[in-house]
1. How high is the relative contact order of region 140-184? Use alpha-carbon pairs under 8 Å, at least six apart in sequence, and give a whole percent.
2. Simple spin-label model, 7 Å along Cα-to-Cβ: S670 to I143 in nm?
3. Just going by the charge dipole of region 567-682, with Lys and Arg at +1 and Asp and Glu at -1 on Cβ, which of S631, Y567, A668 is farthest out on the positive end?
4. What number, in nm² with one decimal, is the all-direction average of the projected area of the convex hull of the alpha-carbon atoms of region 526-614?
5. Please list the equivalent ellipsoid semi-axes of region 346-479, computed as the square roots of five times the alpha-carbon gyration tensor eigenvalues, in descending order and whole angstrom.
6. Farthest toward the dipole's positive end in the chain, which of P178, S325, A303, given Cβ charges of +1 (Lys, Arg) and -1 (Asp, Glu) about the Cα centre?
7. Once fully extended, how much extra length lies between V404 and A346, figured as 0.36 nm per residue of separation less the alpha-carbon to alpha-carbon distance?
8. Excluding same-chain residues fewer than 8 positions from K226, which aspartates and glutamates have a Cα within less than 12 Å of its Cα?
Amino acid sequence: MLVTGCFDYMKTSLLPFFVITTLLLLFATYTANGQENDNENWEKWLEALADFSDEDILWDEMHDQLEELAEHPININDTKREILQTIPFLNSQQVMDIVEYIDRYGPLKSKNELLSIESLDYHRRKLLSCFIVIGDKTTDSKITLSKLRKYGKHDIMGYMSIPTYTRRGDNEAYYGYPVKHWLRYNFSYGNKLRLGIVASQDAGEPFFANVNKAGYDYYSPFLMIKDTGIFETIAIGRYKVSLGMGLVINQGFFLGKQSTLMSFASPKGPTIRVHSSRSSDNWLQGAATTLNIAKWLKFTSFASYRKIDATLNKNGTVSTLLSTSYHRTKDEILRKNNTSMTLAGANLSADKNDYHAGVSFVATHIDRLLAPNKSSVYRDIYPEGHDFFNASVDYGYRRYPLMVNGETAINREGHIATLNSISFNLSRWLSMTFLQRYYSARYHSFYSNAVNDGGKVQNESGYYLGTEWKPAYDIDVNCYIDYAYFPWPRYQVSQSSHSLDACVSSKMKKGNWIFNARYRYRLRQKDNYDKSSSTPLVWTKSHRARLSVQWDNSIWTAGLQTDACTYSYDHLSKGIMLTQVIGYNMPHLSISATMKLFYTDDYNSRLYSYERAPLYCYSNSAYYGQGLRYSFMAKWKPTDSLTLTGKVGVTDYFDRSSIGSSLQQIDASSACDVELQAKWKW
């Protein structure tokens, strides 16, 4: 009955949408090409490059950073290698090739010259075009008040999300209004100076009330100055730091195993950037700086003091450090900022000729004793104490066609983590990357982030082999296989275990058409669901596949995508989702509509789908059960200074009478959100 109802719904509601979209697509093939605004269309190129179904990646962090780059593009002719290294989807070889091309042939006259840089594949070249501008090289880099007044750029942005439904907590437990909203002010002077503040409020949090007497629940001020004499970077307020390959600290991100290959195995040196997003976790507060001691030698130092949320034991010690950042109920408000963390670190980095090396350390102090509950065996490796220390050495060699990189770290107790890679270009069209990692079960760093399969830089060793093949300029084929071993028990795994992750993907562009195919197979061990069995662990198996086709002539965009998944553990779970997107893009008006029909057996066969959203509002939801998701978004620029954005999104479920659980439960089978955003720049 349920399946019949889904297809009846599809015939009455979804089929007309597909027909209309197809007719518009045919009509679009006869329209004249328009001029594409690169800086506002970077998401479609990222979609082809990244695997948004990888739930272990901090996609919201990535989205915010790339949104910042799009808002403040880099003058490719007036920048240093260190600035290009902050672009997350470029590896060190690609950065060097760009710098060497400009040094040899002079400033770029057009973005089309990026075609001459062979290490840039089609999608990375198109993505890079969204974050750069072609300008003249400046000879006077000194910042003065007159320059700031004349050339400085201001922008202020406001956003609100209005639900058309009521959650259970809105009536029973939440102290605030159900509307989510935030404000953001930013001042910039080229790539030399950035100053601003973000104020944010989640739905249900008190506003100008209770613990938020000053208004918003979350404020994030930031200031960054670049290239002022010996100081390469100065950051004050809230900021992020990445060192080496991320074993000690990495508050950036990587795009995942499938999409980066050489990129994630390629350290780019110490980087400092402002924290200007609404994320209330994974940032530092205080000051940081990078000094140019010599042309090839840099020193980076940083210090931070911040309040954090924690779950406390009865004796006042810390049971769990929290990153959810919700302060809606009485208990959540009591946990707000009840613990403080002090952190200091430094890095000395040398990069000369074909070699680079660095030494890093980070010391951390928590004012309350960290004493996690260790009643379960897998929790025995959780860190505990007041004081923590991590140090590392990173190293590397690069000369085309070879690139070797690595980092080895140690914590206060002497436990080791090491990550090493070798990349080799066998030809212009074929490259390979091999990566080895070993993370001790007792190694821990609060802000480490590196290649892993278990969700953290701890309790894992593994090997990765990836290949990128370009049989033609407009065809890319990527594949990898990754094996991991976890020596200590994990959640729902009572002893040592193994995993295997393999993926192959292909992208092809022919004229205005873009084709994408991807298949991923994962094996992971888990406790046997049959407790009477003599076999303690069994394999969980998942297959994920995606086929998509997109047509784009800069004015019109239309795409069709099919996602499928099977997952087997105690039973076989299957899922499928059809997605269709159509968009219209002109300089002062852009419109997009999305419709998704999903049908999965349960949560195990959930399917992920990325969706366009207003600026700084990342959307990548997991869909499970049976239902339909449809949304409509419009962006209008009545003037060059003002941008107005509106989005309406509806999710209809066919298999349930309520959505969510606990205080987030909605007593309806449908949920509709209205999002409004305004941006004014001058």
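The values are calculated or read from the model by the stated rules, or taken from the named source; none is laboratory data. In this text, all values refer to a predicted model and were calculated from it rather than measured experimentally. Every residue, glycine as well, gets a Cβ built from its backbone with ideal geometry; the counts of neighbours run over all protein chains shown. For the accessible areas, the whole protein counts, side chains as well, though only heavy atoms, and no ligand, DNA or RNA atoms are used. Shrake-Rupley method; radii C 1.70, N 1.55, O 1.52, S 1.80 Å.
1. Numbers: 27 pairs, mean separation 19.6, N = 45.
Relative contact order, region 140-184: 44 percent.
2. 5.2 nm
3. Farthest towards the positive pole: S631.
4. On the way: hull surface 29.2 nm².
If I average the Cα hull's projected area over directions, I get 7.3 nm².
5. Numbers: eigenvalues 246, 76, 22 Å².
Values for region 346-479, descending: 35, 20, 10 Å.
6. A303
7. Working: separation 58, 0.36 × 58 = 20.88 nm, distance 2.36 nm.
That pair, V404 and A346, stretches by 18.5 nm at full extension.
8. E82
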